[in-house]
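Just below is one structure, and these are the notes that go with it.
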Amino acid sequence: MKRNAVKEMFPLVEFCETNLAEGSQMVLDALEATGEADVLTYSCLSECTLCAQRPFCFFEGERLAAPTPAQLLQLVQQKLAEWQADYL
């Protein structure tokens, strides 16, 4: 009997390409390095006012923003830990 491979589940984190240049690239790079999230970038996420003001992303559809890239990374890591506790 052949067993089906089980695909691991990862949360989806979405970034705006314009906001990457504003500092969120650091967050994207950190997530890709860990491999604990599926990361997508879009040319625009229709959050232009927020995008011009601070680093942001969407974590499983929830908008996350912080004054600095380091603070956004902390917020994403917190959400990732919560997600893992709920789903893994």
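In the range 31-55, the residue that is nearest to residue 85 (Cα to Cα) out of those that are surrounded by fewer than 16 Cβ atoms within 10 Å (Cβ to Cβ) and of a type in the set (A, V, I, L, M, F, W, C) is 33.
Of all the criteria given as (1) part of a strand (DSSP E or B); (2) exposed (fewer than 13 other Cβ atoms within 10 Å of the Cβ), the one not satisfied by residue 85 is (1). Each residue in the range 66-82 was checked for being more than 18 Å from residue 32 (Cα to Cα) and either of a type in the set (S, T, N, Q) or surrounded by fewer than 18 Cβ atoms within 10 Å (Cβ to Cβ) (or both), and 3 pass.
Residue-wise test of (1) of a type outside the set (Ser, Thr, Tyr); (2) free of Cβ contacts under 8 Å to residues at least 40 places away in the same chain; (3) in a strand (DSSP E or B); (4) within 20 Å of residue 83 (Cβ to Cβ).
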| site | (1), (2), (3), (4) |
| --- | --- |
| 18 | no, yes, no, no |
| 22 | yes, yes, no, no |
| 57 | yes, no, yes, yes |
| 64 | yes, yes, yes, yes |
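Bear in mind these aren't lab numbers, they're just calculated from the coordinates by the rules spelled out. Note that the structure is a prediction, hence the values are computed from the model and not measured. So basically every Cβ, Gly included, is an ideal-geometry build from the backbone, and we count neighbours across all protein chains shown.
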